[in-house]
Amino acid sequence: MKSISPDLILTDIPLGKSRFKLWRIKNLDDLVDQVSDDLFNEDERLPYWAELWPSSFALADYILNHAPEIRGKRVLELGCGLGLTAMAVARCAPAEFIATDYESAALRLAAKNFEENGLPQPQWREMDWRHPDLVGTFDLLVASDVAYEQRFFEPLIRLFQKYLAPEGRVLLAEPNRSVARGFFGKLALSGFNFEQKDFPVIQDGHKITVSVYRIIKEK
């Protein structure tokens, strides 16, 4: 791990047979301290994007092992964060790829990580998934750690309903938070079927089980 600035460090990320170099925020506490009270009160905005979450490891690993499902497809990512999952998608040669995040700072750092790894840049889009502004439908939607608050459940399901192609699927990674059970209950009642596969992820010496869900519309 090395640093080239007071703010960022470069980390080597092995994923199966692949490796990625990832620029990360050096001190997350400093970043949190920069969030003003007004900004937090506006929408409870905290820099979640700057953390490298276990779910992103699991989803990126899953994607790299299912490259034929991504190759030549139209793909949308919700909440790209630092760009680890997005880089896995890019390695699989989608026909079109739009990577979104609520925070412009996340998009800038994710783009830097694509450049560091010599990957073709996707279309970067600053977007609130509660108010999406997209054209057409997608063969694949990918997201991790998005069902962490109940206020996001209905907007996410509406987005799935509107933008998922009839034969498309959602790949969603979730670290089995208790609050997420309500999301999957609502998802089932909204005309979606899903199956899950569990992945053990080791982070900071702790084992975390992350579930990757394959979600499709009912026929």
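Throughout, read-outs are computed from the coordinates displayed, never taken from laboratory work. Given the structure is predicted, the values throughout are model-derived calculations rather than measurements. Quick reminder, even Gly has a Cβ in these numbers, built from the backbone with ideal geometry, and neighbours come from all protein chains shown.
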* To do: Pop out the ³J(HN,Hα) list for the stretch 79-85 in order, Karplus 6.51 cos²θ - 1.76 cosθ + 1.60 with θ = phi - 60°, rounded to Hz; leave Gly and Pro as x.
  => x, 6, x, 6, x, 5, 5
* Percent relative contact order of the stretch 64-140, based on C-alpha pairs within less than 8 angstrom and at least six residues apart? -> 35
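So if I take the alpha carbon set of the chain, get Rg, then get Rh from the Kirkwood formula, what is the Rg over Rh ratio?
Ratio of gyration radius to Kirkwood radius for the chain: 0.94.
Highest mean first, how do 68-75, 11-18 rank when packing is the count of other Cβ atoms within 10 Å averaged over residues?
Top to bottom by mean Cβ count within 10 Å: 68-75, 11-18.
Nearest 5 percent is fine: what portion of the DSSP beta bridges confined to the chain is antiparallel?
Values: 27 of 45 bridges.
Looking only at bridges with both residues in the chain, the antiparallel portion is about 60 percent.
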* Structure fact -> Listed by chain and number, the residues whose amide H is under 5 Å from that of Val210, excluding neighbours fewer than 5 places away on the same chain and using placed H, are Phe199, Val201
* Asked: Nearest 20 debye, what's the magnitude of the dipole of the stretch 72-219 about its Cα centre given +1 on Lys and Arg Cβ and -1 on Asp and Glu Cβ?
  -> 420
* Asked: Rounded to the nearest 5, what is the percent of antiparallel bridges among the DSSP beta bridges in the stretch 123-219?
  -> 75
* **Whole-Hz couplings from phi, Karplus 6.51/-1.76/1.60, listed for the stretch 142-148; x for Gly and Pro** => 10, 6, 9, 6, 10, 9, 9
* To do: Determine which lysines satisfy two conditions relative to Lys207: a Cα distance under 26 Å, and not lying fewer than 8 residues away in the same chain.
  => Lys2, Lys17, Lys21, Lys26, Lys197
